[in-house]
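Notes follow the structure.
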Amino acid sequence: MLLWSERRGPRLREIGADLATAAWLTIWAVLGIRLYSRLAEFAGTGRLIRDGGNNLRETGGEVANVFQGIPLVGADAAVRIRDAFGVTADPVVQFGTDLERLLLMIAALLGLIVVAIALVPWLNRYVPWRVARVQRLNAGARVIRGGILHAHAQRHELHELLASRALHRLDYDQLLKYTPDPFGDWTERRFDRLVQAELETVGLARA
């Protein structure tokens, strides 16, 4: 499978576009991660609230341990104290946990939105163009190279077909890049320059 044109000029342009796209993706991926990390720092507020609730529960446990040693009423008092502190601490812990998750989700969403705004327009132009180039290059290689391999005795006829395709497919300005007289070459059966035009516009070398 051919990924880049065989001609130097188009190949360099395709490789340049691939490298530019990879660099653009890398830059915005790094920026997106940094943005997420920076925004995720606000989730520390939720962690502080959650830790405060846990500390409150631990304090209740310590107070209950003090009452635990009192004869007769100590055990019951310790249970009530733990329950009271637990009832107070649980909503605080839950609120802190929910707030932390919400802030992390917002950070991730904002990071993705910023990255998507930068990458989607680029990829919408690059991916269809690049896929079309690869498909055209490989389809041309299969048809033309396959015809060359199986038509040694009819090489002139194959050149005529390629020249005809170039003459009928390419615009005049494209034809003039390869020959100053496209129609004259065709009528005089000078197919070389027209064949070259067909191969090179597909992306194949003259071989």
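The values are calculated or read from the model by the stated rules, or taken from the named source; none is laboratory data. Note that the structure is a prediction, hence the values are computed from the model and not measured. Neighbour counts run over all protein chains shown; Cβ positions are idealised from the backbone, glycine included. Side chains included, ligands, DNA and RNA excluded: accessible areas come from the protein's heavy atoms. Shrake-Rupley method; radii C 1.70, N 1.55, O 1.52, S 1.80 Å.
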Fill in: Taking only Cα atoms of segment 68-111, radius of gyration then Dmax in Å
18.4, 59
Worksheet item: Treating the beta-carbon of each Lys and Arg as +1 and of each Asp and Glu as -1, no other charges, what is the dipole magnitude of segment 27-79 about its Cα centre, to the nearest 20 debye?
Response: 400 debye
Worksheet item: Put +1 on the Cβ of every Lys and Arg and -1 on every Asp and Glu Cβ in the chain; which of I106, V87, L31 then has its Cα farthest towards the positive end of the dipole?
Response: L31
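Would you calculate a helix-derived [θ] at 222 nm for the chain, using -39,500 (n - 2.57) for each DSSP H run of n ≥ 4 and dividing by the full residue count, to the nearest 500? Kindly include the intermediate steps, with their values, before the conclusion.
On the way: 8 runs with 165 residues, N = 207.
Here the helix-only value at 222 nm equals -27500 deg cm²/dmol.
Tell me, what is the FRET efficiency for R142 and D18 to the nearest 0.05, using R0 = 22 angstrom and their Cβ-Cβ distance as r? Write down the numbers at each step before the final one.
Values: r = 22 Å, r/R0 = 1.02.
Here the calculated transfer efficiency is 0.45.
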Worksheet item: Dipole size in debye (nearest 20) for the chain around its Cα centre, Lys and Arg Cβ +1, Asp and Glu Cβ -1?
Response: 820 debye
Worksheet item: Along the charge dipole of the chain, which of A20, A141, L48 sits closest to the positive end, that is, farthest toward it, with unit charges on the beta carbon of Lys, Arg, Asp and Glu (+1, +1, -1, -1)?
Response: A141
Fill in: 0 to 90° range, to nearest 10: angle between helix 44-68 axis and the chain longest Cα axis
30 degrees
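Considering all projection directions equally, how large on average is the shadow of the alpha-carbon convex hull of the chain, in square nanometres? Mind showing how you got there, number by number?
Working: hull surface 76.5 nm².
Averaging across all directions leaves 19.1 nm² for the Cα convex hull.
What is the calculated FRET efficiency for L48 to R11, with r their C-beta to C-beta distance and R₀ = 41 Å, to the nearest 0.05?
Numbers: r = 57 Å, r/R0 = 1.39.
Efficiency, rounded to the nearest 0.05: 0.10.
Which percent of the accessible heavy-atom area of segment 1-70 goes to carbon and sulfur, probe 1.4 angstrom? Write out the running numbers ahead of the final one.
Numbers: 3050 of 4670 Å².
The value for segment 1-70 is 65 percent carbon and sulfur by accessible area.
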Item to complete: Give the angle, between 0 and 90 degrees and rounded to the nearest 10, that separates the Cα long axis of helix 74-140 from the longest principal axis of the Cα atoms of the chain.
Response: 0 degrees
Worksheet item: In square angstrom, what is the accessible area per residue of segment 17-79 with a 1.4 angstrom probe?
Response: 65 Å²
Worksheet item: Once the Cα atoms of helix 192-202 and of the chain are each reduced to a long axis, what angle between those two axes, in degrees from 0 to 90 to the nearest 10, is obtained?
Response: 10 degrees
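Work out, step by step, the length gained on full extension between A132 and D90: first 0.36 nm times the residue separation, then minus their alpha carbon distance; give nm to one decimal.
On the way: separation 42, 0.36 × 42 = 15.12 nm, distance 5.89 nm.
This chain segment gains 9.2 nm when fully extended.
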